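Notes follow once the structure below has been shown.
Every read-out reported here was derived from the displayed coordinates using simple, explicitly stated rules and does not represent laboratory data. Being a predicted model, the structure only gives us computed values, none of them experimental. For neighbour counting, all protein chains shown are included, and Cβ atoms are generated from backbone atoms with ideal geometry for every residue, glycine included.
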Amino acid sequence: MTVNDIMFGTARLRHSLALQLIIRDVASRYRGSFLGVMWSFLTPLLMLLVYTFVFSVVFSARWPGLVGGQVHFALMLFAGMIVFSMFSEVVGRAPIIIMQNANYVKRVIFPVVLLPLVVVGSAGFQALVALALLLIAVAVQVGLGPAALTLPVILLPYLILLFGLGLILAALGTYLKDLGQILTMVTVALQFLSPVFYPVSALPSSFQVLMRFNPVTYPIETVRLVILNDQWPDWIGLIQYSIAAIFIAALGLWFFGRVKRGFADVL
C-alpha cells in the first residue's frame, strides 16, 4: 500500500465520518418531535410571516426599486433570512461545540476538527430545506431563470467561510466560556446591520462601503439577484469573496491546530 493510498483512505474515512455526524446531528434535533423535519420548513416560514407583517403592514415598509406587492417583499426577506440563518447557526453553536462533545475530544484518534464542520453541515441542511421552499415559491410567483443555476457556486465559498469562522469560534469558545453569550448579542445586532430587511442600495454611499466588509452581504445580495431577478452574479466579486473565504478557512485551520492540544485540559 502506497502513501497516496493511505492518505486517500484516511480522507475518505473522515468524509464518511463527517457525513455520519452531520446526519446524526440533524436527526437528533427532530428526534421525538411530532412533525420531525417539517420544522425546517415551518420555522423559517413562521418567521417570514411575522417579519413580513411587521415590516410591510405595521411599518408600511417597501423594498426600494421592487415592482410587486407583499409577496415579492416576503420573498426578498425570506432569501435574506435563509442566508443569515446559516451564519447565526454557526456563530451560535460553534463556541460550545467542543464542550458539548468532550468525550470525543478526549479520544486521541478522533479528528476534533470535524466538530465545527458538523455545525456548518447542519446549518447547511437547514438552509437547503428553506431554499427548496423559496425556489418553489419563486417558481410559482415570479418564475425561475437560468441564473438560479449559479446558486451552488455562490453558496460554496460562503460555506467555506463559515467553516473557517466556526473553527476560530470553536477554539476560542473552549477557553472563553462567556463567548457564546457575547456572540448572541452580536448576532442580534448584526441581523439588523446586514442587508436582511433592506438592500445595500438603500444605504448612503459611505455606509455601503462599510457594508461590503460584512461577511453575509455578498451571499445575501447575490442569492436575491440570481433567484428573484434572474441576473448573473458579479463574477469578480465572487472571485474576491472566494479568496477571502479560503483565507478565513486557512486561518481557522491554522489557529484550531495550534490550540486544540489544550482542549482536554480545560474540559
Sort the following peptides by mean Cβ neighbour count (other Cβ atoms within 10 Å, averaged over residues), highest first: 137-147, 119-129. 119-129, 137-147
Residue-averaged 222 nm ellipticity for the chain, from DSSP H runs of 4+ at -39500 (n - 2.57), nearest 500: -24000 deg cm²/dmol
Taking 0.36 nm per residue of sequence separation and subtracting the Cα-Cα distance, how much length would be gained by fully extending the chain between R212 and I136, in nm to one decimal? 24.4 nm
Just A74, A94, A132 to compare: in a GNM of the chain, with alpha carbon springs under 10 Å, which one fluctuates most? A132
Hydrodynamic radius (Kirkwood) for the stretch 118-166, which is based on Cα pairs only, to one decimal in Å: 11.9 Å
Sort the following peptides by mean Cβ neighbour count (other Cβ atoms within 10 Å, averaged over residues), highest first: 204-217, 76-89, 38-51, 242-255. 76-89, 242-255, 38-51, 204-217
Give me the number: length gained by fully extending A202 to D265, i.e. 0.36 nm times residue separation minus the C-alpha to C-alpha distance, one decimal in nm. 17.7 nm
Give the Rg/Rh ratio for the stretch 40-266, taking Rg as the radius of gyration of the Cα atoms and Rh as the Kirkwood radius, to two decimals. 1.00
For R212, what is the net charge nearby, where nearby means another residue's Cβ is under 13 Å from its Cβ and Lys, Arg count +1, Asp, Glu -1? -2
Whole-Hz ³J(HN,Hα) from phi, Karplus 6.51 cos²θ - 1.76 cosθ + 1.60, for the stretch 123-128, glycine and proline x: 5, x, 5, 4, 5, 4
